[in-house]
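The next block holds one structure in the form of structure tokens; read it before the comments.
The values are calculated or read from the model by the stated rules, or taken from the named source; none is laboratory data. Remember, it's a predicted structure, so these values are computed and weren't measured experimentally. Cβ atoms come from the backbone with ideal geometry, glycine included; neighbour counts cover every protein chain shown. When the accessible area is computed, the model is the full protein with side chains, heavy atoms only, and any ligands, DNA or RNA have been set aside. Shrake-Rupley method; radii C 1.70, N 1.55, O 1.52, S 1.80 Å.
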Amino acid sequence: MDQSQEPEDYYPDRACSLLSDPALYINRELSWIRFNQHVLDEAKDPTHPLLERIKFLAIFANNLDEFFMVRVSGLHHQLAEGVLKLPPDGLTTMEQLERINNDLVPLLKEQTRVWSEEIIPALQKAGIIIHTRLTLDGTKRKQLRRFFFREIFPVLTPLAFDKSHPFPFISNLALNLAIILKRPGSQEELFARIKIPNTLFPRLIELPADPDGKDISGRQEFIFLEDLIADNLDLLFPGMEIVAAYPFRVTRDADIEIEEDEADDLLSAVEQSISKRWIGTPVRIEIAEDMMPAIVDMMGAKLAKYPHMFYRVRGPVGLADLFCMMNIDRPDLKDTPYAPSVPDRLERDPDIFHAIKQRDIILFHPYESFQPVIKFLEAAAHDPDVLAIKMTLYRTGTNSPIVQALLDAREHGKAVSVLVELKARFDEENNIGWARALERAGAHVVFGIMGLKVHAKLCLVVRKEKSGIVRYVHMSSGNYNAVTAKIYTDIGLFTTNEEIASDVSHLFNVLTGYSEFSAYHHLLVAPGGIKKGITRLIEQEIERQKEHGDGRIIFKLNALQDEGIIRTLYRASQEGVKIHLQVRGICCLRPGIEGISDNITVTTIVGRFLEHTRIYYFHNGGDPLVLMGSSDLMPRNLKRRIEVLYPVLDPGIRDEIINTILPVHLHDTVKTRILQADGSYVRISKESGERMQAQEWLIENRGVWNRNLVKETVR
């Protein structure tokens with residue numbers, strides 16, 4: 001593939017040295033922490049049903065786990081390797097690690113406060129009791145002790161550590177108890193560790209029913225697995241005095257390095273690398289707030305390279321496991337379910353190929369169903385006129401109906417070509433399994449591309465019809481994953497546009513063969529093409545502003561980090577172009593700086609669904625240009641991934657995006673936060689006017705969108 005791209009310091013106006021000032025940029029890692037703080041804020045929001053608030057606590061914790069495994073571990077690598085290059089904001093590696101620690105400590109305290117002071121009492125009021133060792137009465141303790149001895153005791157292995165027992169290896173994200181013991185009549189303290197088997201048992205153990213099998217109160221009672229084990233340590237250490245037991249957890253570097261150049265093939269390289277994920281270097285040690293100094297010192301000597309690696313926790317460690325509470329059968333404590341709609345044309349026309357051929361179709365998930373995408377592939381698998389299916393797969397999930405449709409297509413003799421991205425982080429093993437299944441079925445499988453990740457979401461179906469060969473294309477901002485399509489907001493497009501189809505065909509030849517094609521009609525393709533294309537379009541708005549004063553840009557995306565694009569946006573603001581950026585997560589641009597970015601507004605929405613769409617709007621003198629696709633504006637997307645942005649060519653769909661989808665999100669007054677120049681966010685004032693919650697509005701109006709539903713457009 002042609003990977004030629006602009007040099008690192010490529011900017012259309014090289015004279016703008018002022019725009020290199022580190023004070024104009026927000027640090028990537030600190031910006032991400034602000035995003036995760038918004039997730040924590042949702043856990044505090046009493047308008048969410050109770051179990052949904054717990055879900056947000058779990059998401060906050062899970063996000064942090066991945067942040068340490070990938071981002072913080074990367075900073076540790078930089079420190080070890082003596083990397084001197086600074087990010088645009090100018091913070092050194094050690095300064096970033098210290099700032100991360102400083103910013104996270106109050107958030108972690110707030111997390112445990114929300115759990116203990118808000119969630120636990122609310123659960124109790126709702127009839128769900130989370131016991132501790134201190135709240136168990138004698139009868140419940142005996143019942144649990146019998147359960148422990150019968151079910152849990154046999155799988156536990158206490159490990160002593162002293163001069164004759166080496167310090168045990170602590171695997172990544174494993175929950176543990178550090179135990180202090182004494183022999184009768186001795187003052188010598190002994191140490192042991194027990195690994196909590198929370199992969200074999202639920203993190204929250206439900207208490208047995210009353211002896212008569214009935215619970216007329218309707219209550220549900222639980223205890224954390226580690227508390228149950230700690231309450232029965234005497235069975236594991238008979239004859240010993242149990243002095244104390246403290247939960248702890250170690251997070252390790254899980255950003256695996258794939259030695260692509262040294263392996264015979266990419267599949268082997270990925271397989272060899274993922275086995276190392278759970279034994280990487282420690283980057284975080286979570287310990288009980290009251291853990292004795294002797295144990296902390298011992299862990300520090302064995303595990304911690306830097307003091308900032310320790311995080312003291314009051315309450316349960318590893319709250320990502322709270323996802324299990326969503327299994328509690330209490331619909332009254334969860335979001336009201338809804339049925340996603342299906343566009344009328346797809347409802348009316350049983351022939352999905354005929355419907356797509358009549359006119360382009362968009363699907364806005366999760367408000368509109370993902371089922372038409374599955375139906376499209378299932379129809380292609382069984383239709384005798386379909387000759388071939390080509391597809392990229394990044395994260396497909398388990399029991400994927402998409403992969404099953406591809407396997408069915410092979411059974412029916414279709415030519416199936418699939419690029420399965422093996423390097424999709426934390427999905428490598430799942431993708432290896434799917435890749436092998438497809439290969440066994442006779443599909444032509446490409447296991448990614450050396451040196452790049454394929455993040456583009458593309459599907460091409462080739463069909464022989466009376467008029468000749470017709471190519472049906474589906475492109476999306478989201479993965480071909482039926483599960484995440486219910487919780488991520490993504491836009492997918494069906495089209496038979498000949499030039500788009502030709503572009504996609506050429507791109508598949510690039511992905512699967514040795515094609516160096518780059519002369520696309522409409523697609524912007526990274527590496528190389530997206531940054532140049534977006535920069536060129538921003539420059540066009542600058543020129544339009546100079547000549548006519550009507551330059552306008554709106555980006556809705558997940559992350560904005562690329563320094564070159566930020567500089568170009570600053571230049572556009574300086575010329576008077578009105579810019580609204582809605583960035584869900586990382587944003588390294590500082591809005592509202594006089595003379596630099598005072599024409600730029602940055603907002604973010606965090607709510608029930610994960611905002612995942614990418615929409616790039618350019619006013620273009622009243623003939624708007626809208627791009628959508630898979631790419632955010634980060635160096636990794638623009639330089640180290642194969643990404644695609646495509647223009648919306650259908651006027652009706654373009655109007656729907658401009659007149660409904662964008663305004664609904666830009667005028668949200670409930671979940672919107674506004675980025676300040678100092679990197680903080682503020683909520684919109686409650687006195688700002690009519691209440692508008694974008695995600696709620698889109699649920700209520702799914703399937704009946706039209707240009708008249710929203711009064712104000714983005715034009």
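Partners of residue 85 within straight-line reach, counting lysines whose Cα lies under 19 Å from its Cα and excluding those fewer than 8 residues away in the same chain: 639. Between the alpha-carbon centers of segment 303-370 and segment 181-201, tell me the distance in whole angstrom. Between the Cα centre of segment 303-370 and that of segment 181-201, the gap is 41 Å.
In segment 293-339, the portion of solvent-accessible area held by carbon and sulfur atoms comes to 57 percent [1.4 Å probe, whole percent, DNA, RNA and ligands not counted]. Considering only beta bridges that DSSP places wholly inside the chain, some 65 percent are antiparallel.
Extending 7 Å from the Cα toward the beta-carbon at both residue 483 and residue 502 defines two label points whose distance is 4.1 nm. Note on segment 42-148: with neighbouring protein chains present and a 1.4 Å probe, carbon and sulfur make up 55 percent of its accessible heavy-atom surface. Note on residue 132: accessible area approximately 60 square angstrom, rounded to 10, probe 1.4 Å, nucleic acids and ligands left out.
When all protein chains stay in place and ligands, DNA and RNA are ignored, the 1.4 Å accessible-area order of 616, 520, largest first, is 520, 616. Helix content alone sets the calculated 222 nm mean residue ellipticity of the chain: runs of n ≥ 4 DSSP H residues at -39500 (n - 2.57) each, divided across all residues, give -9500 deg cm²/dmol. Among the trypsin sites (Lys or Arg not before Pro) within segment 106-174, those in coil by DSSP and having at most 11 neighbouring Cβ atoms inside 10 Å are 163. Using a probe of 1.4 Å on the protein chains alone, the accessible area found for residue 349 is around 30 Å². Quick one: pull the percent of accessible area on segment 437-565 belonging to carbon and sulfur, 1.4 Å probe, ligands and nucleic acids left out. Roughly 50 percent of what the probe reaches on segment 437-565 is carbon or sulfur. In the complete set of protein chains, residue-level accessible area for residue 462 is approximately 30 Å², probe 1.4 angstrom.
Sorting 539, 81, 189 on solvent-accessible area from highest to lowest, probe radius 1.4 Å, gives 81, 189, 539. Accessible surface ranking for 692, 291, 1.4 angstrom probe, highest first: 692, 291. Averaged over its residues, the chain has an accessible area of 42 Å² per residue, based on protein heavy atoms and a 1.4 Å probe.
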